[in-house]
Amino acid sequence: MNGVSFRRQHAIGNFIVDFVSIKNKLVIELDGSHHLEQAEYDTERSKYLETQGYKVIRFWNNQVENDMEGVLRAIVVALYDI
């Protein structure tokens, strides 16, 4: 992704995020169906990460499996505010 590096399963505060670009302050979360039952928790978690200066974007697992190009495009937009 144009030289942007991501860490996988990285701790930020009391949370472990799926992927993070520390330099670009971007958190990427991949959500499975169990996240339907924990929407409130995910919202609070995202709010905390945002207070730490991170932008949080989420994708459903099926988005990654079925539209990788769209997911990558959304990540680029988030990185560069295109």
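The values are calculated or read from the model by the stated rules, or taken from the named source; none is laboratory data. Since we're looking at a predicted model, the values are computed, not measured. Neighbour counts run over all protein chains shown; Cβ positions are idealised from the backbone, glycine included.
Quick notes on this one:
- Listed by first and then second residue, the pairs linking a residue in region 1-17 that is on the phi > 0 side of the Ramachandran plot to a residue that is of a type in the set (A, V, I, L, M, F, W, C), with Cβ atoms under 6 Å apart and 6 or more places separating them unless they lie on different chains, are Gln9/Ile16.
- Hits in region 43-69 (condition: of a type in the set (D, E, K, R), more than 15 Å from Val20 (Cβ to Cβ) and touching an Asp or Glu at 6+ places or on another chain (Cβ under 8 Å)): none
- If you go through region 31-55 and keep only what is modelled with pLDDT of 95 or more, out of contact with any Lys or Arg (no Cβ under 8 Å at 6 or more places or on another chain) and either within 17 Å of Val77 (Cβ to Cβ) or aromatic (Phe, Trp, Tyr) (or both), you end up with just Tyr48.
- Identification of strands (runs of 3 or more DSSP E) wholly contained in the chain with 3 or more residues that are surrounded by 15 or more Cβ atoms within 10 Å (Cβ to Cβ) yields 15-21, 26-31, 55-60.
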